[in-house]
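S.K.: Shown below is the structure under consideration.
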Amino acid sequence: KCSGRTQYAGIRPSSLLALYNVIVGLASSALLPLLGAIVDHTSVRRLIGRISAIIYCATLFPMIFLSESTWLAVAILLIISAFVGWIHSGMSFAYLPEMSDDKEVLERLNTSFAVVQYGTDVVYIIVVVAIAAAMGWVDDSLATSRVAQSINFVATTTVWVYAWWGGLLGRRAAMSPFPEGDSLLTVGFKRLYKTCVRIYKNHRALASFYPAIAFSESATQALLVIGQTYSIELLQFSSAETGIFLLILLIFSSIGCYLSPLSLHLLSPIQS
């Protein structure tokens with residue numbers, strides 16, 4: 001808790017996690033149009049993916065050495081890694097539409113990927129909690145954090161090296177020619193503005209649907225962040241208990257991902 005301090009720069013330690021998510025979310029959102037322009041109009045998708053993977057993994061390693069004297073540096077690295085992680089995700093997800101031209105196949109792939117993602121998180125938490133319990137570190141948050149970060153670094157580095165340098169994610173040409181008179185820094189924002197105007201004028205239902213999706217997704221992410229803070233600060237959960245709490249959330253998230261295609265078919269705007 002910030003070396004015993006009740007506040008740091010006017011911010012309570014319990015509020016740092018929420019503040020971190022706000023900063024990363026705003027910065028990442030502002031960057032998305034630029035990432036889209038890079039994917040659409042350049043052939044450097046794989047290069048940026050590789051660079052972002054290297055930077056991300058490089059920021060993960062020092063976090064293993066979290067302590068009362070290094071927490072501020074680790075917090076800064078956490079913000080950097082999350083920001084770079086969004087860049088990496090943008091470059092990775094750009095490969096997904098190329099896997100099939102059939103929207104039903106893509107729907108199944110998206111569902112499978114989401115289930116695998118949450119399922120991997122479940123396995124990760126189980127392994128961390130099991131190691132902490134076996135070593136007698138259930139009530140030692142610092143030791144548990146170091147174990148978790150060590151596993152995170154090794155697993156992430158291994159998978160990403162195989163993906164980017166093992167031939168899974170190859171080089172891609174530009175998807176469309178670059179518009180004359182535009183720059184890479186502005187073309188994405190201009191296209192976003194034109195799309196928003198077109199939706200507002202011609203598709204009023206979508207003009208309400210997209211903000212609803214954005215707010216619901218934000219609320220879901222905020223629940224996870226606030227839930228962690230609530231369980232630690234007010235309920236005084238140990239590291240193991242917090243891990244079990246997150247484990248329950250992730251298990252039901254996996255079930256929700258698996259059932260989402262059914263709910264979409266039953267409750268989609270087309271069906272209703």
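The values are calculated or read from the model by the stated rules, or taken from the named source; none is laboratory data. Note that the coordinates shown come from a computational prediction; the quantities given were computed from them, not determined experimentally. Glycine also receives a Cβ, built like all others from the backbone with ideal geometry; neighbour counts cover every protein chain displayed. For accessibility, only protein heavy atoms count, side chains too; no ligands or nucleic acids. Shrake-Rupley method; radii C 1.70, N 1.55, O 1.52, S 1.80 Å.
S.K.: Rounded, prolate or oblate: pick one for segment 198-238, where a ≥ b ≥ c are the square roots of the eigenvalues of its C-alpha gyration tensor, a/c under 1.5 means rounded, and failing that, prolate if a/b is larger than b/c, else oblate.
M.R.: Details: a/c = 7.66, a/b = 7.33, b/c = 1.05.
It is prolate, given that a/c is not under 1.5 and a/b is the larger ratio.
S.K.: Could you work out the local net charge near Pro177, counting Lys and Arg as +1, Asp and Glu as -1, over the other residues with Cβ closer than 14 Å to its Cβ?
M.R.: -2
S.K.: Something else about it: Counting only the backbone N, which residues of segment 171-200 are under 17 Å from the spot 7 Å out from the Cα of Leu31 toward its beta-carbon?
M.R.: 185-186, 188-189
S.K.: Right, something else. Kindly identify segment 42-174 as rounded, prolate or oblate by the Cα gyration tensor criterion: order the square roots of the eigenvalues as a ≥ b ≥ c, call it rounded if a/c is under 1.5, otherwise compare a/b with b/c, prolate if a/b is larger, else oblate.
M.R.: On the way: a/c = 2.81, a/b = 1.62, b/c = 1.73.
Oblate, because a/c is 1.5 or more while a/b does not exceed b/c.
S.K.: Which of the trypsin sites (Lys or Arg not before Pro) found in segment 105-178 are in a DSSP loop and have at most 13 neighbouring Cβ atoms, other than their own, within 10 Å?
M.R.: Taking segment 105-178 and a limit of 13 other Cβ atoms within 10 Å, the loop trypsin sites (Lys or Arg not before Pro) found are Arg171.
S.K.: When ligands, DNA and RNA are left out and all protein chains stay put, how many square angstrom of accessible area per residue does segment 88-149 have with a 1.4 Å probe? If you can, show how the numbers build up before the last one.
M.R.: Numbers: 3710 Å² over 62 residues.
Accessible area per residue: 60 Å².
S.K.: Same structure again: In Å², what does the accessible area per residue of segment 156-210 work out to with a 1.4 Å probe?
M.R.: Heavy-atom accessible area per residue stands at 78 Å².
S.K.: Just to be sure I understand the rule: take each whole DSSP H helix in the chain, project its Cα atoms onto its long axis, keep it if the span is 30 Å or more and its mean Kyte-Doolittle hydropathy is at least 0.0. Which ones pass? Mind showing how you got there, number by number?
M.R.: Numbers: long enough: 16-41 (38 Å, 1.68); 71-93 (32 Å, 1.85); 103-134 (46 Å, 1.11); 141-165 (35 Å, 0.58); 204-233 (43 Å, 0.59); 239-267 (39 Å, 1.62).
TM-like helix candidates: 16-41, 71-93, 103-134, 141-165, 204-233, 239-267.
S.K.: From the Cα gyration tensor of segment 161-251, with a ≥ b ≥ c the square roots of its eigenvalues, which class applies: rounded if a/c is under 1.5, or else prolate if a/b is larger than b/c, or else oblate? Before the final figure, lay out each step's value.
M.R.: Details: a/c = 3.29, a/b = 1.56, b/c = 2.11.
Oblate shape, in that a/c is at least 1.5 and b/c is the bigger or equal ratio.
S.K.: Then there's this: Kindly list the residues of segment 67-107 that lie in the label zone of Ala174, defined by a backbone N under 19 Å from the point 7 Å along the Cα-to-C-beta vector.
M.R.: Output list for this probe position: 91, 94-95.
S.K.: Ile79: accessible area at probe 1.4 Å, nearest 10 Å²?
M.R.: 60 Å²
S.K.: Enter the accessible area of Glu68 (Å², nearest 10), with the probe set to 1.4 Å and all protein chains included.
M.R.: Looks like 130 Å² after rounding.
S.K.: Now, a different point. Summarise the accessible area of the chain (1.4 Å probe, protein heavy atoms) by the percent that is carbon and sulfur. Display every interim value, and only then the final one.
M.R.: On the way: 11880 of 17300 Å².
Carbon and sulfur: 69 percent of the exposed surface of the chain.
S.K.: Between (i) 35, 23, 21; (ii) 30, 23, 20; (iii) 40, 21, 14, which matches semi-axes √(5λ) of the Cα gyration tensor in Å calculated for the structure shown?
M.R.: Read-out from the structure maps to (i).
S.K.: Here's something else I'd like to know. Heavy-atom accessible area of Lys201 with all protein chains present, probe 1.4 Å, nearest 10 Å²?
M.R.: Looks like 150 Å² after rounding.
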